[in-house]
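Trainee: Sharing a structure with you now.
Every number here is computed from the coordinates shown, using simple stated rules; none is lab data. Being a predicted model, the structure only gives us computed values, none of them experimental. Here the Cβ positions follow ideal geometry from the backbone for every residue, glycine too, while neighbour counts run over all protein chains shown.
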Amino acid sequence: MAIGVVKQAKYAAEGCLYTALWPAAKSLRRRLYPPPRPKQIAFTFDDGPNPECTPRLLDLLAAHNVQAAFFLVGKFAKSQPMLVRRMMAEGHVIGNHTWTHPNLAAVSTRRVSEELGRTSTLLEQMTGTAIRIFRPPYGACNPEVLSVARALGMLPVFWNAITDDWEERSASQIVAGLTQQIERNQKRRRATYLVLHDGRADNPQAYCGQSIEAAAGLIERLKHSCRFVSIQTW
Ligand SMILES: [Zn+2]
């Protein structure tokens, strides 16, 4: 895994990592934006599905009637068709997070096409629904990546709240980090779309319990003051 890129990605809030390299590229501005509704929180989950953690997460979301977005790694989704169908059946939106989770800004355009095309084809076969959103691993993209995605009918989705929940952190540390960013977004009069990980891109069986506990902690903390929405409503 490109750890250096992962670390930098923390600072790519609200945009594509490397955006500064293409200040004039219109394609970088075509993406999902959070609306000026500061009480809205949209959960997004990356790097699953994971056979142990994703079912626990889906149980949690169902118990609180929260609809989220799941950006799936194609090679993991291939072995978890029941989980993918369960996400759809329970009202979640499914997005493309590439087949093998590479840094798309560092591979050939042909590889970008394969990574995104193969994943969308699989997810569309499994769900019977067109895949309309994608999230580049590490937030790393460039105008070529975005043009391949657009040709496949997909809009890029980034985030405005993220913490390194994939590292060995406690749920309370993750909740504290995300809460700070939610409060910052609220001061800016923006909705929050936050990222947590229900899988680990380098290990399909990885334990992600702290991320699931953090989702539970955030729901408990925010359920009376905020509204949980799906990014589909934006
Ligand atoms: Zn990822």
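Trainee: What are the residues whose amide H is under 5 Å from the amide H of I94, where those residues sit 5 or more places off or on another chain and H is modelled from the backbone?
Mentor: Sorted by chain and number, the residues that satisfy this are F70.
Trainee: Set the Förster radius R0 to 41 Å, insert the Cβ-Cβ distance between A63 and S108 as r into 1/(1 + (r/R0)^6), and round the FRET efficiency to 0.05. Present the calculation step by step, with values, prior to reporting the outcome.
Mentor: Details: r = 44 Å, r/R0 = 1.08.
That gives a FRET efficiency of 0.40.
Trainee: Pairs of Cα atoms under 8 Å, at least six residues apart: use those to get the relative contact order of the chain, whole percent.
Mentor: Details: 440 pairs, mean separation 76.7, N = 234.
Once normalised by length, the contact order is 33 percent.
Trainee: Next up: Residue farthest toward the positive end of the dipole of the chain, with Cβ of Lys/Arg at +1 and Asp/Glu at -1: which of P81, I182, P35?
Mentor: P35
Trainee: Within the stretch 85-151, which GluC sites (Glu not before Pro) sit in a loop by DSSP and count at most 16 neighbouring Cβ atoms inside 10 Å? Kindly include the intermediate steps, with their values, before the conclusion.
Mentor: Numbers: sites: E90, E114, E115, E124, E144; in loops: E90.
Taking the stretch 85-151 and a limit of 16 other Cβ atoms within 10 Å, the loop GluC sites (Glu not before Pro) found are E90.
Trainee: Express in whole angstrom the spacing between the alpha-carbon centres of the stretch 81-135 and the stretch 150-221.
Mentor: After rounding, the separation between the Cα centres reads 19 Å.
Trainee: Something else: Considering amide H positions built from the backbone, and no H for Pro or chain starts, which residues 5 or more places from E52, or on another chain, come under 5 Å of its amide H?
Mentor: Amide H to amide H, under 5 Å and 5 or more residues apart or across chains, E52 pairs with nothing.
Trainee: Shifting gears a bit: Pairs of Cα atoms under 8 Å, at least six residues apart: use those to get the relative contact order of the stretch 31-97, whole percent. Please report the intermediate quantities before stating the final value.
Mentor: Working: 75 pairs, mean separation 24.4, N = 67.
With pairs under 8 Å counted, the relative contact order is 36 percent.
Trainee: Within 10 Å of each residue's Cβ, count the other Cβ atoms and sort K78, K39, K187 from fewest upward. Don't skip to the end; give the middle numbers.
Mentor: Working: K78 17, K39 12, K187 9.
Lowest to highest Cβ neighbour count: K187, K39, K78.
Trainee: Still on this structure: Could you give the dipole magnitude of the chain about its Cα centre, charging the beta-carbon of Lys and Arg +1 and that of Asp and Glu -1, in debye to the nearest 20? Let's see the in-between values first.
Mentor: Numbers: 29 positive and 19 negative charges, 206 e Å.
Using only the charged Cβ atoms, the result is roughly 980 debye.
Trainee: Give the dimensionless ratio obtained when the Cα radius of gyration of the chain is divided by 2.2 N^0.38 Å.
Mentor: Details: Rg = 16.3 Å, N = 234, 2.2 N^0.38 = 17.5 Å.
Cα-based Rg divided by the globular estimate yields 0.93.
Trainee: How large is ³J(HN,Hα) for each residue in the stretch 39-47, as worked out from phi by the Karplus curve 6.51 cos²θ - 1.76 cosθ + 1.60 (θ = phi - 60°), to whole Hz, x for Gly and Pro?
Mentor: Per-residue couplings from phi come out as 8, 8, 10, 10, 7, 10, 10, 10, 6 Hz.
Trainee: I would also like to ask the following. Each residue of the stretch 152-157 in turn: what ³J(HN,Hα) in whole Hz from Karplus with 6.51, -1.76, 1.60 and θ = phi - 60°, glycine and Pro shown as x?
Mentor: For the stretch 152-157, the Karplus-derived couplings read 8, x, 10, 9, x, 10 Hz, x marking Gly and Pro.
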